[in-house]
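The values are calculated or read from the model by the stated rules, or taken from the named source; none is laboratory data. Everything numeric in this text was worked out from a predicted model, so none of it was measured. Every residue, glycine as well, gets a Cβ built from its backbone with ideal geometry; the counts of neighbours run over all protein chains shown. We work out accessible area using only protein heavy atoms, side chains counted, and drop any ligands, DNA or RNA first. Shrake-Rupley method; radii C 1.70, N 1.55, O 1.52, S 1.80 Å.
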Amino acid sequence: MRRTTNSRRRLAWWLLPVAVGGALWAGAPALSDPANDPTIQPIPDFAADAAADEAKSIVVRVSFNGRANATVTDIEVVDERAPSHLGAPPLSKVDVLGEAGLIGTFNDWHPMWELGEEAAGGGETRRLNPQASGRWIAPFDRDATTIVVTDIAAADEIVRADLTTAIHEFCLANPDDEDCLRADLAVEAVTVSAAPPIGLVGADATITVETVVTNNGPDGPADVGLTTTAAAGPGVTVTPATQSTTLPGVAVNADVTESDQWTVRCDTPGQHTVTFTSTVATVHAADVDLVAANNTRSTNHTIDCAVPVTVNIKPGGDPNSINLGAGGNNAPLAVLTTTAGEYGNPLAFDARTVVATTARFGNRTVVLGGGGGAETHDRRHDERSYELDERTRDADLDAVLHFRARDGGFTAGDTEGCLIGKFTAPAGTFTFFGCGPVRIVP
């Protein structure tokens with residue numbers, strides 16, 4: 001297992017001056033003064049520090065069109081040692097930042113200033129050019145994310161460069177470099193771990209999706225970025241469309257499971273498929289995944305969107321009592337014909353389309369699991385049944401069905417009975433579902 005340690009490398013930063021002096025053009029010592037002359041300053045012992053610096057540096061190239069108008073033209077990692085900045089004039093201050101904060105800082109020359117011949121009275125002539133190009137070079141650090149350059153005299157930030165792409169491209173090209181981590185990330189499985197047996201048109205349902213992620217190595221641990229998307233066709237809406245998270249420190253050969261919940265809303269009746277796709281990627285710029293073929297995996301989940309219906313158990317009864325003994329052998333139940341919005345139903349429903357032989361009545365969990373009592377006559381009785389007030393009969397025809405209550409899986413504490421089945425429509429055959437209050441009589 002390989003994991004790069006930066007403690008030794010960062011010792012090199014202590015060789016760089018961190019004090020910020022006054023501006024050269026604002027009364028600072030001339031470059032030829034001994035106190036500010038880089039030719040007589042101590043020089044780092046690069047040979048002794050070779051183990052901490054493999055001669056890599058980050059180069060940021062910039063063009064200027066006016067002192068306050070700088071454009072980054074290129075950022076790259078090069079196989080050259082960063083120069084020492086000991087004794088560098090305090091013209092620009094360069095800060096190298098990482099996610100945890102400041103990594104290192106140093107003073108450097110400013111590309112817009114041109115140093116000329118020795119001036120009368122001592123020192124060199126200096127000129128601020130209207131246009132210029134130049135570069136800043138910093139020692140390589142795998143945790144570096146940003147270089148910020150400040151014009152010291154003007155106290156202006158003139159450059160802010162994102163280093164992550166350049167570092168990542170370097171590691172892609174040099175995966176065996178000891179500052180780069182190679183981790184074959186993979187999505188092992190994507191599964192729907194929890195979902196309701198059916199959905200209801202106009203209502204939300206919650207689906208739980210689990211993604212198993214692994215790191216096949218050879219290096220680790222590695223931070224893993226996981227993104228899962230949900231896609232569905234017409235008839236169903238899934239939110240959110242995307243969920244992303246970071247799985248920190250996935251060790252070699254370790255499996256990590258991420259569980260996410262999604263809200264699925266049925267818009268039209270029928271079978272609708274939702275596709276969940278999970279993708280992994282490295283998070284750290286210096287981490288590379290050289291095997292892309294196993295980074296993505298998908299799963300399909302089909303949800304049966306049922307039409308909500310209104311049922312009246314034992315019409316005319318108050319309360320709606322059913323007997324689990326012999327008295328419940330022929331318990332009646334009415335599926336009411338309703339208009340859109342009636343009793344809160346999102347769609348109109350014609351109870352005369354119920355396929356009686358498909359209907360199952362009983363405890364909610366039992367009927368949603370495929371059980372329940374069947375219609376005792378294998379037929380539907382179309383008649384004007386009682387509405388939920390147990391007094392009114394409207395003009396439309398309802399579907400009255402009969403069931404043996406003891407086949408419904410009821411227990412003494414149940415307070416509702418549910419009906420599920422199929423109905424026919426011009427577009428096909430679909431599921432309906434409805435529940436009503438009930439009092440169980442032993």
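3J(HN,Hα) along region 145-153, derived from phi through the Karplus expression 6.51 cos²θ - 1.76 cosθ + 1.60 where θ = phi - 60°, amounts to 10, 8, 10, 10, 10, 10, 6, 5, 5 Hz, with x in place of Gly and Pro. Label-to-label distance for Arg379 and Asp255 is 5.6 nm, based on points extended 7 Å past Cα in the beta-carbon direction.
Using mean Cβ contacts within 10 Å as the protection proxy, how do 274-281, 229-236, 341-348 order, highest first?
Ranking the peptides 274-281, 229-236, 341-348 by packing returns 274-281, 229-236, 341-348.
Karplus-derived 3J(HN,Hα) values for region 312-318, using 6.51 cos²θ - 1.76 cosθ + 1.60 with θ = phi - 60°, are 10, 7, 6, x, x, x, 8 Hz; glycine and proline are entered as x.
For Ala154 and Ala292, the difference between the fully extended length at 0.36 nm per residue and the C-alpha to C-alpha distance is 44.9 nm. Solvent exposure of region 393-438, expressed per residue, is 42 Å² of accessible area, with all protein chains present and a 1.4 angstrom probe. Extension gain, Glu114 to Glu188, is 20.8 nm, computed as 0.36 nm per intervening residue step minus the present C-alpha separation.
The 3J(HN,Hα) values that the Karplus relation (6.51, -1.76, 1.60; θ = phi - 60°) gives for region 223-230 are, in residue order, 6, 10, x, 10, 10, 10, 10, 10 Hz. Gly and Pro appear as x. With the simple model of a label 7 Å out from the Cα in the direction of the Cβ, Ala395 to Glu76 spans 8.4 nm. Accessible surface calculations at 1.4 Å, restricted to protein heavy atoms, place region 336-375 at 42 Å² per residue. Partner lysines whose Cα lies under 26 Å from the Cα of Lys314, excluding those fewer than 8 positions away in the same chain, are identified as Lys422.
Taking the 1.4 Å solvent-accessible surface of region 195-342 as the whole, the part contributed by carbon and sulfur is 50%. Each peptide among 400-407, 83-90, 157-164 gets the average number of other Cβ atoms lying within 10 Å of its residues, and from highest to lowest they stand as 400-407, 83-90, 157-164.
Backbone N atoms of region 291-308 closer than 20 Å to the 7 Å Cα→Cβ label point of Val355 belong to residues 302-308. At the residue level, Lys93 shows approximately 50 square angstrom of accessible surface with a 1.4 angstrom probe and all protein chains present.
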